[in-house]
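Notes follow the structure.
The values are calculated or read from the model by the stated rules, or taken from the named source; none is laboratory data. Everything quoted here is computed from the prediction, not taken from an experiment. Because the Cβ atoms are built from the backbone with ideal geometry, glycine has one as well, and the counts that use them run over all protein chains shown. Just so you know, the surface numbers come from the protein's heavy atoms only, side chains and all, with ligands and any DNA or RNA stripped out. Shrake-Rupley method; radii C 1.70, N 1.55, O 1.52, S 1.80 Å.
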Number of protein chains: 2
Amino acid sequence: MQLWDLAAAEDDRRFSPYCWRVKMALAHKGLQAQTIPWRFTDTDKIAFSGQGLVPVLVDEGREVHDSWAIAEYLEAKVPARPLFEGAQAKALAFVFKTWVETTLHLPIMRAMVMDLFNALHEKDKAYFRESREKRFGMSLEQFGADPKKALADLRTLLLPVRKQLVQEPFVSGKQPGFADYILFGPFQWARAVSPQRLLEPDDQVFAWRERMLDLHGGLARKAKGYPVWA
Amino acid sequence: MQLWDLAAAEDDRRFSPYCWRVKMALAHKGLQAQTIPWRFTDTDKIAFSGQGLVPVLVDEGREVHDSWAIAEYLEAKVPARPLFEGAQAKALAFVFKTWVETTLHLPIMRAMVMDLFNALHEKDKAYFRESREKRFGMSLEQFGADPKKALADLRTLLLPVRKQLVQEPFVSGKQPGFADYILFGPFQWARAVSPQRLLEPDDQVFAWRERMLDLHGGLARKAKGYPVWA
């Protein structure tokens with residue numbers, strides 16, 4: 001199995017929140033994949049997938065892209081250790097996915113965008129600046145001008161997961177599910193490129209992130225990035 | 001089974017989003033309860049529950065309060081037609097509950113707060129004004145001063161459910177679950193007291209609300225309130 005995985009300047013600094021979902025899901029299923037470092041501008045290398053974004057997975061000659069489609073593919077391939085415990089859990093995880101992407105990714109990006117920019121491979125910098133400045137409607141510097149406010153926003157927005165994590169160890173209950181990997185993605189995205197402290201140690205979400213870093217033999221903790229200070 | 005259910009000036013105008021969750025869940029389970037009209041200031045009438053808020057359910061001499069606890073109680077009593085398809089679905093529904101209560105209730109309240117105030121029983125008005133003005137940190141009139149902005153905010157905030165409803169008829173998938181009743185609560189809250197048009201007919205959430213109004217023999221549609229214009 002091969003997974004094209006977004007890398008920064010260094011081949012082993014992997015930061016995509018969408019790729020992290022997939023790597024955690026692969027480990028959850030007990031599957032191994034060769035991860036191939038890829039940059040935003042390497043679109044020719046994944047042209048076979050018919051689109052230009054990672055993650056792209058190839059398994060036994062079959063190509064699957066989009067992190068949600070990959071999760072569905074892995075669930076069908078290995079039904080044991082489900083990512084989704086059933087159709088209702090999957091529907092609610094899909095709602096959760098959109099909420100995370102449209103609500104939480106933004107303040108995390110604001111808190112560390114210049115660290116991310118500086119960590120990028122040189123060949124990706126112009127693409128990243130141009131595409132993100134167009135999306136945000138302002139310069140990267142303006143977008144990332146107030147990390148303190150971004151972090152305060154993030155901590156407020158995390159309330160729905162925090163209230164769940166007071167009751168159970170994972171967003172998905174007693175065991176992690178794909179919803180946990182979805183939420184973990186942007187934390188690992190930041191951790192890969194930025195020393196910014198996203199969470200306070202007395203936050204239940206901090207303790208959850210520690211559990212996530214420890215899962216699957218410490219897969220995420222061992223990955224190149226900044227330590228998480230307690 | 002008896003359910004203490006928040007009423008406006010008229011006994012049959014029932015508006016609590018938390019009580020609506022429970023009434024929909026009872027119908028989902030095929031259960032019937034006698035609903036008892038109750039006002040905010042009738043705390044003595046539910047003093048037996050050890051607290052002062054509805055919904056309060058009494059079944060075979062057992063008292064249960066808090067809408068989530070009632071859902072758990074009903075699920076244990078009637079395991080068929082589950083509200084939660086499993087532990088993971090329940091955990092994700094709990095995250096969804098906090099999100100709805102802390103994110104969506106607010107703009108809906110802003111859009112219709114004076115209609116709600118005007119619909120209240122006279123004996124509840126002083127309590128409502130005082131408690132809500134303290135909570136919001138401003139007068140009801142100030143809180144509800146810009147319903148257009150509140151509705152625009154609401155429609156933006158609904159994106160995570162809208163993306164799910166493009167794919168499947170319910171938040172919970174092919175069948176409604178407790179998460180649907182949680183989201184439906186504040187729409188039925190508004191519908192009971194306000195002619196305010198919360199959703200545009202071309203919105204997938206509008207079509208979902210129509211389906212919710214039709215469920216269980218049109219239970220919610222038959223309830224006293226304003227029509228939903230297409």
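Quick rundown of the values:
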{"quantity": "Residue tally, condition away from chain B (no Cβ under 14 Å) and either open to solvent by 30 Å² or more (accessible area, probe 1.4 Å) or in contact with a Gly (Cβ under 7 Å, 6 or more places away or on another chain) (or both), over the range A:201-212", "calculated": "5"}
{"quantity": "Filter result for B:Q175 (within 13 Å of chain A (Cβ to nearest Cβ) and assigned to a helix (DSSP H, G or I))", "calculated": "no"}
{"quantity": "Qualifying positions in the range A:115-138 - exposed (fewer than 14 other Cβ atoms within 10 Å of the Cβ) and over 25 Å from A:E10 (Cβ atoms)", "calculated": "A:K134, A:R135, A:G137, A:M138"}
{"quantity": "Conditions (1) outside any helix (DSSP H, G or I); (2) within 30 Å of B:K90 (Cα to Cα): number failed by A:P186", "calculated": "(1)"}
{"quantity": "The range A:21-41: number of residues that are part of a helix (DSSP H, G or I) and under 13 Å from A:V58 (Cα atoms)", "calculated": "2"}
{"quantity": "Options B:L198, B:L165, B:L154, B:L215; residue that is surrounded by 14 or more Cβ atoms within 10 Å (Cβ to Cβ) and in a loop (DSSP other than H, G, I, E, B)", "calculated": "B:L198"}
{"quantity": "Residue match in the range A:139-147 (condition: closer than 12 Å to A:M109 by Cα, among the small types (G, A, S) and surrounded by fewer than 18 Cβ atoms within 10 Å (Cβ to Cβ))", "calculated": "yes"}
{"quantity": "Candidate set from the range B:71-91 (those that are touching a Phe, Trp or Tyr at 6+ places or on another chain (Cβ under 9 Å) and either farther than 15 Å from B:P176 by Cβ or open to solvent by 60 Å² or more (accessible area, probe 1.4 Å) (or both)); member that is farthest from the other protein chains (Cβ to nearest Cβ)", "calculated": "B:E72"}
{"quantity": "Filtered residues of the range B:179-193 (kept if closer than 14 Å to B:S16 by Cβ and open to solvent by less than 10 Å² (accessible area, probe 1.4 Å))", "calculated": "B:Y181, B:I182, B:F184, B:G185, B:P186, B:F187, B:Q188, B:A190, B:A192, B:V193"}
{"quantity": "Qualifying position, being in contact (Cβ under 8 Å) with a residue 60 or more places away in the chain and crowded, with 22+ Cβ neighbours inside 10 Å, among B:R39, B:R14", "calculated": "B:R14"}
{"quantity": "Hits in the range A:196-214 - residues which are basic (K, R) and more than 17 Å from A:L151 (Cα to Cα)", "calculated": "A:R211"}
{"quantity": "Residue in the range B:94-104 that is in contact with an Asp or Glu (Cβ under 6 Å, 6 or more places away or on another chain) and open to solvent by 10 Å² or more (accessible area, probe 1.4 Å) present", "calculated": "no"}
